[in-house]
1. Please work out which one of (1) surrounded by 15 or more Cβ atoms within 10 Å (Cβ to Cβ); (2) at pLDDT below 95; (3) in a helix (DSSP H, G or I) is the condition residue 114 fails and give its number.
2. Can you tell me which residue in segment 91-111 is surrounded by the most Cβ atoms within 10 Å (Cβ to Cβ), limited to those that are assigned to a helix (DSSP H, G or I) and at pLDDT 85 or above?
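The values are calculated or read from the model by the stated rules, or taken from the named source; none is laboratory data. Just so you know, these numbers come straight off a predicted model, no measurement behind them. Neighbour counts run over all protein chains shown; Cβ positions are idealised from the backbone, glycine included.
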């Protein structure tokens, strides 16, 4: 990722360790990162400058599915990636509206980075 074309990725998870881990991973790949402990916090801060969203599914209050759906109502083509430790989810259930990628915890960081890179460049994951 070129320093001249830095993209902003939002990460939403109620686990501070996951937030820190994803922030470190994304920043090491050249992304600017904003972290939020809840979907409500992200929505309150606005989506205008964000290029991509990574959100946990299982969070108290607004879960990742609801956050994804609310974001997609505002910005239908916005790339959203879901992460979850739940094993009972099928890819079809996780996909819901549109094509979103599901990454199961523990996930492969390089695969997530590749998906984010494709998405912010206008490819797969939108």
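1. (1)
2. Step by step, filter segment 91-111, then rank; the result is 109.
Matching residues to (1) over 16 Å from residue 116 (Cβ atoms); (2) at pLDDT 95 or above; (3) in a helix (DSSP H, G or I):
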position: 9; (1), (2), (3): no, yes, no
position: 33; (1), (2), (3): no, yes, no
position: 54; (1), (2), (3): no, yes, no
position: 59; (1), (2), (3): yes, no, no
position: 78; (1), (2), (3): no, no, no
position: 81; (1), (2), (3): no, no, no
